[in-house]
1. Would you mind ranking Met95, Met174 so that the residue whose beta carbon has the fewest other beta carbons within 10 Å leads the list?
2. Determine the equivalent ellipsoid of the chain by diagonalising the alpha-carbon gyration tensor, then write out the semi-axes as square roots of 5 times the eigenvalues, largest first, rounded to whole Å.
3. If you average the alpha carbon positions of the range 144-195 and of the range 8-42, how far apart do those two centres end up, in angstrom?
4. Determine the dipole magnitude for the chain: charges of +1 sit on the beta-carbon of Lys and Arg, -1 on that of Asp and Glu, nothing else is charged, the reference point is the Cα centre, and the result goes in debye to the nearest 20.
5. Angle between the Cα long axis of helix 73-83 and the longest principal axis of the chain, 0 to 90 degrees, nearest 10?
6. Considering Cα pairs under 8 angstrom that are at least six residues apart, work out the relative contact order of the chain and quote it in whole percent.
7. Arrange the following residues from fewest to most other Cβ atoms within 10 Å of their Cβ: Ile46, Ile96, Ile222.
8. What is the ratio of the Cα radius of gyration of the range 22-83 to 2.2 N^0.38 Å, where N is its residue count, to two decimals?
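Only the coordinates and a few stated rules stand behind these numbers; no lab work does. This one's a predicted model, so the numbers in the text were calculated from it and none came from an experiment. Here Cβ is always computed from backbone atoms with ideal geometry, including for glycine, and neighbour counts include all displayed protein chains.
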Amino acid sequence: MPSSRSWRLIVFDLDGTLVDSRRDIADAANALLESCGIARLPEERIGRMVGEGAATLVARAFQASRVEPPTDALDRFVALYHDRLLDHTRPYPGMIETLEALRGRARLAVLTNKPRRATLAILEGLDLAQFFTPAMVVAGDGPFPRKPDPSGLRHLQTAAAADADATLLVGDSMIDWRTARAAGTAACLARYGFGFSTISERPSISDDHPVELISTCDVRLIDSPDELLDVVS
């Protein structure tokens, strides 16, 4: 990815990219399982289930436990998670300083499959809302299909008057890569995020040379938020 490119819009995934929310998500999912008499799952395993919305996470947790979910499982998970939203969730180290530097270089936005209420609460509670106006936050329960559908990303591009060549999507999972590829934008994948295991575990992709990704999409890998400053000039 050329470091000299001029970016007009930088779009961030939330979970696993801006914030480390894995423990709170896992605690809520395990609280739901335990309320149904089911054993807890490892936090790392639940982290690999995140990315495609709460309904998919709940379905995967019960599938992993080989138990049919109750009809109200999703509603119960949402309530349990909202009670734990900011217990342990924090911005990744260096993230706030990185956003401070980036907001002078490009428009910043959030694109997540998380429900909007929880998304805004996390941004507000962790002092991240200062970097993202509500109009530049697209969540999973809004008018656009969830990632990897590119509709939400394209909406943000229109709002920022940014074409595909001037847009960078920063995420940590295959969902984010697929979204960027579908929209024809560049992608920056965070190896520090808990969603990156869904990429690094793929046998065709090594830790240092994600051949399949690079051959199909404009991709850069970073190991910490501050490395993004080398990508965005």
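1. Values: Met95 22, Met174 19.
Lowest count first: Met174, Met95.
2. Details: eigenvalues 169, 74, 51 Å².
After diagonalising the Cα gyration tensor, the semi-axes are 29, 19, 16 Å.
3. Distance between centres, Cα-based: 21 Å.
4. Numbers: 26 positive and 33 negative charges, 105 e Å.
That gives a dipole near 500 debye.
5. 70 degrees
6. Working: 420 pairs, mean separation 64.8, N = 233.
Normalised by residue count, the contact order of the chain is 28 percent.
7. Working: Ile46 24, Ile96 16, Ile222 20.
Ranked by crowding around the Cβ, least crowded first: Ile96, Ile222, Ile46.
8. On the way: Rg = 9.9 Å, N = 62, 2.2 N^0.38 = 10.6 Å.
In units of the 2.2 N^0.38 Å rule of thumb, it is 0.94.
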